[in-house]
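Colleague: One structure, as structure tokens, below. Some questions next.
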Amino acid sequence: MVQFKVLFAIVLALKIVGFQNHILAQTNQNRKQIIVIDPGHGGTDSGAVGINGIQEKDVVLKIAKQIVVLNNSVFMNQHEIYLTRNKDTLISLGDRTKLAKALQADIFISLHCNHSDNPNVRGLEVYASKKQGKYSRKSILLAYELQKELKENLGFESRGVKFGDFQVLRETTNLCPTVLLEMGFLSQMAEVIYLSNEKSQYSVSLVILQSTLIY
């Protein structure tokens, strides 16, 4: 993974050139972009459990909360960002998509971590819905942007953009561009150590937010 200090260079560059202001001026003159971040699992559903004991539900919630903090502190609150859960509670998949619909979200990103019986499998995956919908093409473009930025800025291996029938994707495909991001394998030693680190979680959060601006 790229050293943490590289991310500060990205932040500085964004501020110097006014990148975020330029992009938003082009894409939305009337209101802020509404982004719904969905930290997967929660409560009694831990999701994947890492080889160091860390739980997927905790990793994704920390990254989701960090995205909110960065939107306020680095990007001067230029997005409206909502989380489908703010604490360790189990929210039904249907309620997650209902929230996105009620908010009339412009982007929906569901955060997850992967797991495999093979400890050597590694890399990130980004899913778009295999169900065709109004925003299928834009969802695919967002998926490619996320995998590109995470690979180039943080050194993640990419397992590519894929198509799945996940409920949160299926039920939002006609609402807005929507993707499900698998941020590495908790069963792989290097990746679970990286994702367990607070500085790494900051870096991932920053690149995810940066990707929505580029997109």
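Colleague: Starting from 0.36 nm per residue, how many nanometres of slack lie between residue 157 and residue 174 once their C-alpha separation is accounted for?
Modeller: Values: separation 17, 0.36 × 17 = 6.12 nm, distance 3.01 nm.
Extra length available between residue 157 and residue 174 comes to 3.1 nm.
Colleague: In terms of modelled amide H atoms, which long-range or inter-chain residues lie less than 5 Å from the amide H of residue 114?
Modeller: Answer set, sorted by chain and number: 183, 184, 185, 186.
Colleague: Which residue fluctuates the most in the chain, going by a Gaussian network model with Cα springs under 10 Å, if the choices are 118, 72, 52?
Modeller: Its mean-square fluctuation being the largest, the pick is 118.
Colleague: Simple spin-label model, 7 Å along Cα-to-Cβ: residue 90 to residue 120 in nm?
Modeller: Between residue 90 and residue 120, the simple spin-label model gives 3.6 nm.
Colleague: Here is a further query. Taking DSSP loops as anything outside H, G, I, E and B, show the longest stretch in the chain free of trypsin sites (Lys or Arg not before Pro) there with at most 12 other beta carbons within 10 Å.
Modeller: Numbers: sites that count: 31, 87, 134.
Between the exposed loop sites, the longest stretch runs 135-215.
Colleague: Let me ask something else about it. Which helices of the chain meet both criteria: a Cα extent of 20 Å or more along the helical axis and a mean Kyte-Doolittle score no lower than -1.0, with helices taken as whole DSSP H segments?
Modeller: Numbers: long enough: 56-73 (26 Å, 0.29); 136-154 (27 Å, -0.59); 198-214 (24 Å, 0.54).
Those that clear 20 Å and a mean of -1.0 are 56-73, 136-154, 198-214.
Colleague: Rounded to the nearest 0.05, what FRET efficiency do residue 46 and residue 102 give with R0 = 25 Å and r taken as the Cβ-Cβ distance? Could you check? Numbers along the way, then the final one.
Modeller: Working: r = 27 Å, r/R0 = 1.09.
FRET efficiency, residue 46 to residue 102: 0.35.
Colleague: Counting other beta carbons within 10 Å of each Cβ, put 182, 152 in order, fewest first. Don't skip to the answer; put the middle values down first.
Modeller: On the way: 182 22, 152 12.
Starting with the residue having the fewest Cβ neighbours, the order is 152, 182.
Colleague: Hey, another quick one. To the nearest µm²/s, what D does Stokes-Einstein give for the chain at 37 °C and 0.692 mPa s, using the Kirkwood radius over alpha carbon pairs as Rh?
Modeller: Numbers: Rh = 17.2 Å.
Estimated diffusion coefficient is 191 µm²/s.
Colleague: At 0.692 mPa s and 37 °C, plugging the Kirkwood radius over alpha-carbon pairs of region 26-136 into Stokes-Einstein gives what diffusion coefficient in µm²/s? Provide the component values of the computation, followed by the final result.
Modeller: On the way: Rh = 15.6 Å.
For the chosen part, D equals 211 µm²/s.
Colleague: Please order 209, 154 by the number of other Cβ within 10 Å, starting at the fewest. Show your work: numbers first, answer last.
Modeller: Values: 209 25, 154 21.
In increasing order of surrounding Cβ atoms, one gets 154, 209.
Colleague: Sticking with this structure for a sec: Quick one: order 75, 163, 108 by neighbouring beta-carbon count within 10 Å, fewest to most.
Modeller: Working: 75 23, 163 15, 108 32.
In increasing order of surrounding Cβ atoms, one gets 163, 75, 108.
Colleague: Then there's this: Taking residue 65 as the anchor, which lysines have their alpha carbon closer than 23 Å to its alpha carbon, excluding any fewer than eight residues away along the same chain?
Modeller: Within the straight-line cut-off, residue 65 pairs with 5, 15, 32, 57, 87, 98, 101, 148, 151, 199.
Colleague: Between region 122-148 and region 69-87, what is the C-alpha centre distance in whole Å?
Modeller: 22
Since every read-out is calculated from the coordinates, none of them should be taken as a lab result. Predicted model only: the values in this text are computed from it and were never measured. Reconstructed Cβ throughout: ideal geometry from the backbone, glycine too, with neighbour counts over all protein chains shown.
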